[in-house]
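Encoded as structure tokens, the structure appears first; notes follow it.
The values are calculated or read from the model by the stated rules, or taken from the named source; none is laboratory data. Since we're looking at a predicted model, the values are computed, not measured. A quick note on method: Cβ atoms are made from the backbone with ideal geometry, for glycine too, and the neighbour counts reach across all protein chains shown. Heavy atoms of the whole protein, side chains included, go into the accessibility calculation; ligands, DNA and RNA do not. Shrake-Rupley method; radii C 1.70, N 1.55, O 1.52, S 1.80 Å.
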Amino acid sequence: MPKNYINLLTKKTQGELKDAKNIEFSSIYSAFLPILACVVWIGLVIANGAVSQNVKIEKVNIETQKTMENDMSVYQKNNGQLVQKVDILKPIIQKDVDPNKVFDQIRKNLSTYSEILSIDGYTRKSDGQFSFSGKSKTYLDLSRVIKKFEQNTELKNVNLKSIAYNKDADIVTFSVTFYYVTL
Amino acid sequence: MELADRDLKIADDVSGSIKKSTKKDFVDVLKQYSIPLISVSLFLGVAIISIFPTATSIFDNYKQLDKLKASEKTNQDTLDKLTTLKERDAQTISDLATIDQIVPSEKTKIVGLQQFIQDKTKQYNLDLKEMTIGEQLQKVSDGTSTTKTSKVATVDAQGNPIKNTEDSLRVAPTTAKIEGKFADIQSFFSDFYKVNDLYIITTMNLKSSTSISPNQITTSDAKWSLDITFSKYAFSEDFLTNSVAFTKIPISSVPDSTVLKYLRDRYTK
């Protein structure tokens, strides 16, 4: 513009100058945004790496555990076999009773009544139930015998299965059933 | 005229100057906002392309890590139980050997009681009236062979059905009719229970020709007649070869201690 000219254009106001300055500062600050983003990203990548490392470690641990489990599965199999076999054998073992023990129990319980009672048979059924049959002089004696059998803890489910009075012989015939406790 | 021309020229210059100024302002504004725009764009770009996927990946990995840790804990519990089983495996094998000795496989030749009964009846002056040796194994029909299936999964890890092991036992019955004195029959039973093998007296019918006082039974000369059935049990081949069922028993399961104690006391020599 020639020197002699008068500049009629208005100068920037203080406000406009301040705004321009603010914009300049904003520009400078905004330049940090990508840097900030990169820093955050790098931080996240590091954190992710750490978590991933832990995941890898856990996977290796689990793999090791699985291998150990496989190696030790034979013990599980042995235990399972024993558990099953014992379960299967339990009802059979419960029937494993020496008849002499049963004879002794009966004799022991009847010893005080040997003058008034007599025995003529012993039986065992396939469900494990024992019984003995005999003769008694009176019903009263028989009821005492039954009570004594019921008090015996080695016997359970004691029942007077049959009872009959023979008028000609004046004798009571009876049959007592029970189970012998094993296991 | 000169003045008018000069004014006109000034006006043209001002007008040109205003136009230039407007263009310059626009460039300035563009310059001023370009950095923030680029910065924000870069920030958003980095955020969308890198930060969000990485953050998502972290959350996924955390979730996976939690699952893996839970799985590791479960596995550790299993390993602890397996270690306990390993520690008592020697006893388990010993118990299994005892069971296999008294309850063999159905393929094993079952040695009957024939010789024992013949020898002992002779030894105790008993009269062996009749004997039927059970060498033919039969299915057990009284329900004793039923396995507790509730403890066993019905399918294996691959989803294949596990064989049912309900027919796990076979039985070979031996029947005999013996006559003799009560004391001799007692001696026979006494020796029978010393045999290191599992024979169950399934049925028995011991009858006397006369009624005898309890205190005189063992001393009486009265003849007793004994009808007896001994049962020898064997595990079915189907059961023994079904090893998948054994591994499906929970690790925490323990064999019935009372049965084990009985077996150890009676059959472990």
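Brief remarks on what is shown
- Only one entry of A:GLU115, A:GLU24 meets the criterion of being part of a loop (DSSP other than H, G, I, E, B), within 8 Å of another protein chain (Cβ to nearest Cβ), open to solvent by 30 Å² or more (accessible area, probe 1.4 Å) and at pLDDT below 90, and that entry is A:GLU115.
Okay, residues lined up against (1) closer than 17 Å to B:PRO104 by Cα; (2) assigned to a helix (DSSP H, G or I); (3) under 51 Å from the mean Cα position of the chain (by Cα); (4) touching a residue at least 60 places away in the same chain (Cβ under 8 Å):
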{"position": "B:SER211", "(1), (2), (3), (4)": "no, no, no, no"}
{"position": "B:ASN215", "(1), (2), (3), (4)": "no, yes, no, no"}
{"position": "B:SER220", "(1), (2), (3), (4)": "no, no, no, no"}
{"position": "B:ASP227", "(1), (2), (3), (4)": "no, no, yes, no"}
{"position": "B:LYS232", "(1), (2), (3), (4)": "yes, no, yes, yes"}
{"position": "B:PHE239", "(1), (2), (3), (4)": "yes, yes, yes, yes"}
{"position": "B:VAL254", "(1), (2), (3), (4)": "no, no, yes, no"}
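- Filter result for B:ILE185 (in contact with an Asp or Glu (Cβ under 7 Å, 6 or more places away or on another chain) and β-branched (Val, Ile, Thr)): no
- For the range B:175-198, the set of residues classified as at pLDDT below 90 and either within 30 Å of the chain's Cα centre (by Cα) or surrounded by 15 or more Cβ atoms within 10 Å (Cβ to Cβ) (or both) consists of B:TYR193, B:ASP197, B:LEU198, listed by residue number.
- Lone qualifier among A:GLU63, A:GLU58 - being more than 30 Å from A:SER126 (Cα to Cα) and open to solvent by 30 Å² or more (accessible area, probe 1.4 Å): A:GLU63
- Boolean, B:LYS67 is assigned to a helix (DSSP H, G or I) and on the phi < 0 side of the Ramachandran plot: yes
- In the range B:202-248, residue least open to solvent (accessible area, probe 1.4 Å) [restricted to those that are more than 9 Å from chain A (Cβ to nearest Cβ) and β-branched (Val, Ile, Thr)]: B:VAL244
- Among the candidates A:LYS95, A:LYS85, A:LYS125, residue that is under 30 Å from B:VAL103 (Cβ atoms), free of Cβ contacts under 8 Å to residues at least 24 places away in the same chain, at the interface with chain B (Cβ under 9 Å from one of its Cβ atoms) and open to solvent by less than 50 Å² (accessible area, probe 1.4 Å): A:LYS85
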